[in-house]
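Notes for the one structure printed next.
The values are calculated or read from the model by the stated rules, or taken from the named source; none is laboratory data. Since we're looking at a predicted model, the values are computed, not measured. Positions of Cβ are backbone-derived with ideal geometry, glycine not excepted, and every protein chain shown enters the neighbour counts.
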Amino acid sequence: MLDFSWLKKYTPRNLLGRALLILFVPVVGIQIVTAAVFINRHVEGVTAQMTQSVGAELNYAIQIITREPDEDARQRQMETISALLGLTIFLDEDGTVEPGAELRSFDISGRALVETLQDSIDRPMFVDMTAIDKIVLVEVATPAGVVSALIPRRRVIASNPHQLVLWIVFAAAIFATISTLFLRNQIRPIRELAHASEAFGKGRSVKFKPRGAEEVRRAGNAFLAMRTRIERQIGQRTSMLSGVSHDLRTPLTRMRLAISLADPSPEMEELAHDVQEMERMLDGFLAFARGEGAEPTRLTDPIELARTQVTNTRRAGTSISLTVQSSTPDEPEVQLRQTAIGRALANLISNAARYGDTVRVSVALDRLTLTFTVEDDGVGIPEADRETALKPFTRLDVARNQDSGGSVGLGLSIAADVARSHGGTLTLSESPQMGGLMATLRIPR
């Protein structure tokens with residue numbers, strides 16, 4: 001079976017380019033073959049007919065010239081024949097002829113001319129089509145000497161065969177332009193649908209109106225229906241969680257008030273600690289369930305956002321540093337859900353600070369991607385458990401237990417959810433320099 005995989009790197013990547021390629025390659029191929037065959041047959045046929053007529057005239061001239069007994073009579077006959085036939089004929093009585101032809105490369109009409117003259121004039125002959133511009137030199141060996149004739153090229157070769165090619169190219173260019181414009185109009189709705197889908201995958205909702213062919217409109221309407229259902233579900237979940245949050249916080253507030261009014265005792269301190277832990281767990285549950293999906297995106301400076309989180313962590317006494325690398329200083333802002341990204345970054349930093357003594361945060365910004373990297377010098381997470389660690393409510397080993405200190409194991413899950421809502425990813429690996437966990441949050445721009 002033939003392998004055409006090497007053609008992939010030469011084929012267009014977008015739909016418009018591939019559609020034009022599918023349309024034009026067969027059409028252009030057919031036109032080239034048709035034009036080549038037609039022009040070849042046309043030029044050869046017309047040239048043969050015109051050359052046969054000139055060959056007959058040369059045969060007549062040779063017969064008249066060789067029939068005369070002396071040089072003067074031959075000269076008079078050559079002058080008369082040249083005037084009558086429109087040729088320039090002269091005689092070299094001492095000359096010789098080496099049979100052959102001198103042609104330009106790819107001269108189809110020249111080959112037809114030589115073949116026809118050789119068939120018409122049964123004598124040793126040499127044809128030169130390169131010595132004089134627009135003139136064909138024919139030398140024929142006769143008993144009286146070498147008869148040479150200068151024949152205008154237009155008398156023996158079909159003229160202007162290139163006009164057909166020009167008309168074909170001109171018509172093809174016009175229809176190709178029309179086809180390209182039509183295809184662009186047909187593909188534009190597909191591009192708009194792809195743009196709307198990509199934006200929704202990154203957490204942004206852009207205006208989109210289905211149009212174009214029936215199949216494209218159906219796909220567009222299906223996308224709008226899906227987007228509406230997802231947004232409605234997010235809205236309903238957010239509203240429900242807001243009500244649940246209010247209902248749950250009310251009894252906790254009463255409990256805290258009762259504890260504050262009660263006499264101090266070890267039992268009251270333990271109860272106050274339990275209430276505080278319940279509030280922290282409730283905040284974690286609600287943050288995970290809400291997912292910050294209702295927050296709109298806006299232009300945000302990610303470097304400044306990371307600097308704020310690092311400053312807040314440093315105030316708590318954590319040894320933390322920040323490294324910034326940007327290849328787009330002229331475009332420092334990115335479309336983000338600022339609160340969600342801030343929460344995800346805070347979770348990663350607090351997770352690193354909890355299990356390590358030193359934390360390092362890096363921000364890398366280029367034309368295509370925004371990358372946050374958080375590293376620590378703690379015990380890390382085994383490679384086999386890293387994917388599991390991103391799932392909610394997952395308990396790891398005692399060395400890095402997500403439930404320690406009142407946490408409910410949702411910090412990494414919330415960060416991963418925020419990354420997915422922006423069309424990005426959160427990956428866990430081992431820090432090559434610090435030896436602990438390295439969390440990498442990538443967001444496409």
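Contact map, the range 192-203: first residue touching a residue at least 40 places away in the same chain (Cβ under 8 Å), second residue part of a helix (DSSP H, G or I), Cβ cut-off under 6 Å, separation 6 or more or different chains; pairs are Gly203/Ser421. Of the residues making up the range 257-285, those that are over 60 Å from the mean Cα position of the chain (by Cα), surrounded by 13 or more Cβ atoms within 10 Å (Cβ to Cβ) and either closer than 30 Å to Met240 by Cβ or modelled with pLDDT under 80 (or both) are Ile259, Leu271, Ala272. If you take the residues in the range 414-426 that are among the aliphatic types (A, V, I, L, M) and closer than 12 Å to Leu336 by Cα, which one is surrounded by the fewest Cβ atoms within 10 Å (Cβ to Cβ)? Looking at the filtered set, the residue picked out is Ala419.
Filtering the range 365-389 to residues that are assigned to a strand (DSSP E or B) and either over 21 Å from Gly435 (Cβ atoms) or without any contact (Cβ under 8 Å) to a residue 12 or more places away in the chain (or both) leaves Leu365, Thr369, Leu370. Within the range 286-338, the set of residues being at pLDDT below 85 and within 30 Å of Arg232 (Cα to Cα) comprises Leu286, Ala287, Phe288, Ala289, Arg290, Gly291, Glu292, Gly293, Ala294, Glu295, Pro296, Thr297. The strands (runs of 3 or more DSSP E) located wholly in the range 18-130 that include 3 or more residues which are in contact with a helix residue (DSSP H, G or I) (Cβ under 8 Å, 6 or more places away or on another chain) and on the phi < 0 side of the Ramachandran plot occupy 88-92.
Residues in the range 326-356 that are farther than 17 Å from Ala439 by Cα and outside any helix (DSSP H, G or I): 12 in all.
Of all residues in the range 422-439, those being of a type in the set (Ser, Thr, Tyr) and either more than 14 Å from Ile381 (Cα to Cα) or touching a Leu at 6+ places or on another chain (Cβ under 7 Å) (or both) number 2. Here Ser148 meets the list (1) surrounded by fewer than 16 Cβ atoms within 10 Å (Cβ to Cβ); (2) assigned to a strand (DSSP E or B) almost entirely, failing just condition (1). Closer than 30 Å to Arg111 by Cα, in a helix (DSSP H, G or I) and modelled with pLDDT of 85 or more: does that describe Phe175? No, not satisfied. The residue list Arg184, Arg188, Arg155 contains one member that is surrounded by fewer than 15 Cβ atoms within 10 Å (Cβ to Cβ), touching a residue at least 12 places away in the same chain (Cβ under 8 Å) and in contact with a Gly (Cβ under 8 Å, 6 or more places away or on another chain), which is Arg188. Scanning the range 427-445 for residues that are outside any loop (DSSP other than H, G, I, E, B) and surrounded by fewer than 21 Cβ atoms within 10 Å (Cβ to Cβ) gives Thr427, Leu428, Ser429, Glu430, Thr440, Arg442, Pro444. Close contacts from the range 246-267, counting a first residue that is closer than 20 Å to Leu282 by Cα and a second that is surrounded by 10 or more Cβ atoms within 10 Å (Cβ to Cβ) and at pLDDT 80 or above, with Cβ to Cβ under 7 Å and a gap of 6+ residues or different chains, come to Leu252/Val275; Met255/Val275; Arg256/Val275; Ile259/Met268; Ile259/Leu271; Ile259/Ala272; Ile259/Val275. Of all residues in the range 215-255, those satisfying the criterion of being among the basic types (Lys, Arg), surrounded by 15 or more Cβ atoms within 10 Å (Cβ to Cβ) and modelled with pLDDT of 80 or more are Arg217, Arg227.
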